[in-house]
Every structure is written in structure tokens, then in C-alpha cells.
Amino acid sequence: MPPNSKEIVLENEDVELIPAFEKRGYATTPTLFVNGSKVPEALAKQALPNMTLLTFLRTVMGLTGSKLGCAEGGCGACTVLLSQWMPEQNEIRHASVNACLMPVLAAHECHVTTVEGVGTVKQKEGGLHPVQQAMVDMHGSQCGFCTPGIIVSLYTLLSNKKTATVNQLEEHLDGNLCRCTGYRPIWDAAKSLTLDAEDGAVGPCGTPCRECPERDECEMDCNVEDKAAEENEKICCTSTGDKMNQYKETLLKDESGSSWRDQPNEMFPEDLKTLEATTPLLVVDPKAQSASSTWIQPTTLSEMLRVVAEGNCKLVVGNTEVGIEVRFKHALYPKLVHPAMSIVELFQAPTLDEGKTTLTMGSCCPLSTIQHDCGDFAAEADNVSLARTCQPMHDMLRWFASTQIRNVACLGGNLVTASPISDMNPLLASMDATLTLTKSNKGGDELERRTCKVADFFCSVS
């Protein structure tokens, strides 16, 4: 800058909104918790509307364990655990998320656990968490760049499932990539923490080869190779196999009241459990002029519709679509509106009516919740029609994106963006699904609803 010139700073006009929103009960500084502790207000004030959770953790908090890889939610190197108190269920919801996409302000009144919070050799007590120790013992890390994300993904699974299965393990690691170690040692480390991991190969018939009554006669490749491996085990010591068996006999049978399995719940701040109500949030970056300079998080449906009716805003839930548009397509959304989970109409989990003929869910309900609930409904269904509705939805979502994406993405986003990569849109249309659309009238005091078929919701352009 020339010595006599002056820097011109243009102020964001949305700063004028702050007094009015404060009168409506809005906070202007987010309440954040990381690794069991509340983030000091001085640091929380540095959380801006256009800042991702990963950037905040690394640059503001100095927690550099979580890595930036693809920056689009594909590799999982940035995975962290997001924990939220669910007052209606009186329980904690643990979910792995991509910190490279998630806005830091979306973690308002939530608890974030990074790999440093899982465990570290710097701790005098506790040290490495069993998930981390398993990765060390099974040689599951080489360059180590992807390891923190894999650790947190496994940690999240065990936060929700005291005894994880191999199938659950396969699903929960679908959002983590490794480019140098090779997946076998990582898979060994992960399987050492499950109770149903089979020793040896499993044939296409579903029977473990070593338990097959026709093992001596079977000429399937899996059986031939497994018999050779079994002979090799008699003359070679396999430290990995021995360690996996040792984990099963000691660590996994630890049923003590306060163990490593309870760590995520024990770390969860008591302050978040005692909140009487979710606090709405308004954060304005006074110096930003274009992309994501204002963040509004309403806590009721009428308030959200009131904000949206004012225009010039973009609704964002999981930020899996908007985040990509802003970062790679240079889209400009000056004002982001993020509905809080306290808006039950939007976050309603899949629910069956009394006759078990109609399935209803909120547009912001996470895809992972829809997937698992539909799987449960299909398994318990006593009528063919319900099973034919729920099972395809479960199967479609099982292979859509990754666990981290499904934990935050929602059907509403797929529908309103007419996402070409969402196979749920044509599935809902083929099922003759109905949408309930809501808008506010008279300043948000009254709500007006109408219904629309999914097939009629999309507009074609000739």
C-alpha cells in the first residue's frame, strides 16, 4: 500500500440489525464447547459466519490434529465428533461430521471433540484411548495425515454403540480415505474393537470357512486360501492376530461402570444439559461485504419464516451443498439462516401414523436418522406396503455420500436444490410422496400451509 494512501473499510449494513435482534432474545456471541471445556468468550467472538469449524479449531483454538484434505467432505481427514443434548429424548446425540464443511456457528450450544480430546500421550493419566492404542498396535498409520479422522470415526461409533458389529464398522468408516497405509491394518485395528469379528475367511454362503462342515471337500477359492493361511499360522507367529485375540479377551470384556466406553458422555458439559431453551444467535461480520457475512440462527418456525420473508438470505442446514458452492463455485450468499434443532417441525424423525400407512418426517431431519429409522420400520413391518416403502429408502441412503455427510445433510436440501446427485428425489417422486410447504403471513404471526406432490415440485426447463 502506498505510504500516503488509506485503507478503505466498508461496513456491513447488517450491523444495524443487532439492537433489534438483541431485543428479541438473540445472542451475538456463540456458546461453544471443545474437548470438555467452554471456549473463552474472547475466542468465541472470533467465530465468524464464513468460517468453518475446522478453520476455527486449527487457527483460533490451536488444535491442529484435525486435517484439511479435500475440503469438500470426501476424505474424512477433518472428522470431529459433534455432541448435542436432546431434551425430548433425555439423551446425548453423538455424530461424526466433516469440520471442513460445517460452519463453526452451527456448533452453537454443542460439544465438539477432536482427536486431541479422544486421547494424547501428553496426558499424565489415561494417555491414549483404546481406539488410538489399537491403531498403534495393529500398525494402522503410516504418514498419519488421515489417522485423526479415522480415530474420531471409530470413537463416534463406540460412543453410540457399546458393542459395535462388523457391519456397523463398515458403514461408519465409509467416509474415511487412506492413501498410503493400505486398509488391512486399519481394518484389523477397527475389528479388534468388535465382538463379532470372525477369524479366517467367510464364504459366499455366509458361513465362516473354518466352521463349514464341508471344509475338507469345498474347493471354493476362499476355503482353499484360508486352509493355506491356517497352515501358515501353525509355523508363523502373527502378532496382529494375537493382539486382536488379546483385545477380545481383555479390553472388550471390560464391563466396569466407568470405562473408556463412557468417555464421550462423561466429557459432555453439564451446562448444556441444564439449558432451559436453545438461544437464538445472530453474528455479523462488520467487515465482510459479500460471502456469508451474517449468520442468523432462529429457534422457532415462525421466527425462521419471519427472517426468511425479509429476503436476501440462504437457508443452510448441513452446508454440504452451500459450502461447496461458496468454496469452489464462488457463490455469494451475504446472509445465512440456519434453523436450530429446537424447531421440532423441521427436525422431526420419521414417524408412522396409527394405521402404519403414512410415514412423516421433517425436512431438516438428518439423512442418517431417516436411513436407520426406515431400516428399523422395514424389519418390524407386518405389512408388505410399509416394508416396500421403508426398505428402499434405507438401502438408497446406505450408499449415499458418507456417514459424516448423512449425519448433517437433509432431504429438504436435496429437494429445494433439485440435487442431481440425490437418488432420493426420484425415489420420493416414484412413491408419490407429498410435501407440506409453509410460509408466514402478517409479519410471521400466522402460518399458511399447502401441500404439493414431489413430482410436481420440480420444474423442468425446456
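Read the figures in this text as sums done on the coordinates, not as results from a lab. Every value quoted in this text rests on a predicted model; they were computed, and no experiment measured them. Note that we place each Cβ from the backbone using ideal geometry, even for glycine, and neighbour counts take in every protein chain shown.
Descriptive notes on the structure:
- Estimated from the Cβ-Cβ distance and a Förster radius of 22 angstrom, the FRET efficiency linking THR436 and LEU352 is about 0.85.
- Whole-Hz couplings from phi, Karplus 6.51/-1.76/1.60, listed for region 328-345; x for Gly and Pro: 10, 10, 6, 6, 10, 10, x, 10, 9, 10, 10, x, 6, 5, 6, 7, 5, 4
- For LEU281, the residues 5 or more places off, or on other chains, whose built amide H falls under 5 Å of its own are ALA27, GLN297.
- Förster-model FRET efficiency, 56 Å R0, CYS452 and LYS161, C-beta, rounded to 0.05: 0.90
- Amide H to amide H distances under 5 Å link LYS38 with no residue, where only residues 5 or more positions off or on other chains count and H is placed in the peptide plane.
- Burial order of peptide ranges 160-171, 297-308 (average beta-carbon count within 10 Å, highest first): 297-308, 160-171
- Across region 211-221, coupling constants 3J(HN,Hα) worked out from phi with the 6.51/-1.76/1.60 Karplus curve, θ = phi - 60°, read 10, 6, x, 10, 4, 5, 8, 5, 10, 4, 4 Hz, and Gly and Pro carry x.
- Alpha-carbon geometry of the chain: the Rg and the Dmax are 24.7, 90 Å, given in that order.
- Length gained when the stretch ARG215-TYR183 is fully extended (0.36 nm per residue, less Cα-Cα span): 8.7 nm
- Applying a DSSP loop filter and a limit of 12 other Cβ atoms within 10 Å to the trypsin sites (Lys or Arg not before Pro) in region 59-140 leaves LYS122, LYS124.
- Net length available on complete extension from ASP423 to SER385 is 11.6 nm, with 0.36 nm assigned per residue and the Cα-Cα distance removed.
- Distance in nm between pseudo-label sites at ASN265 and HIS139 (7 Å out along the Cβ direction from Cα): 3.8 nm
- Per residue, the average separation of C-alpha pairs within less than 8 Å and at least 6 apart gives the chain a relative contact order of 15 percent.
- C-alpha long axis of helix 239-249 to longest principal axis of the chain, angle in °: 70 degrees
- Residues whose placed amide H lies under 5 Å from that of THR52, excluding near-sequence neighbours: VAL104
- Stretching CYS459 away from GLU41 to a fully extended chain increases their span by 145.8 nm, per 0.36 nm per residue minus the current alpha-carbon distance.
- Normalised alpha carbon radius of gyration of region 257-403 [divisor 2.2 N^0.38 Å]: 1.32
- Separation of region 323-402 and region 266-280, taken as the distance between their Cα centroids, equals 25 angstrom.
- Sum of -39500 (n - 2.57) over DSSP H runs of 4+, divided by residues of the chain (222 nm, nearest 500): -9000 deg cm²/dmol
- Calculated FRET value between THR59 and VAL15, using beta carbons and R₀ = 30 Å, to 0.05: 0.80
- Using the Karplus relation 6.51 cos²θ - 1.76 cosθ + 1.60 with θ = phi - 60°, the per-residue 3J(HN,Hα) values for region 178-187 come to 10, 9, 9, 6, x, 7, 4, x, 5, 5 Hz, with x marking Gly and Pro.
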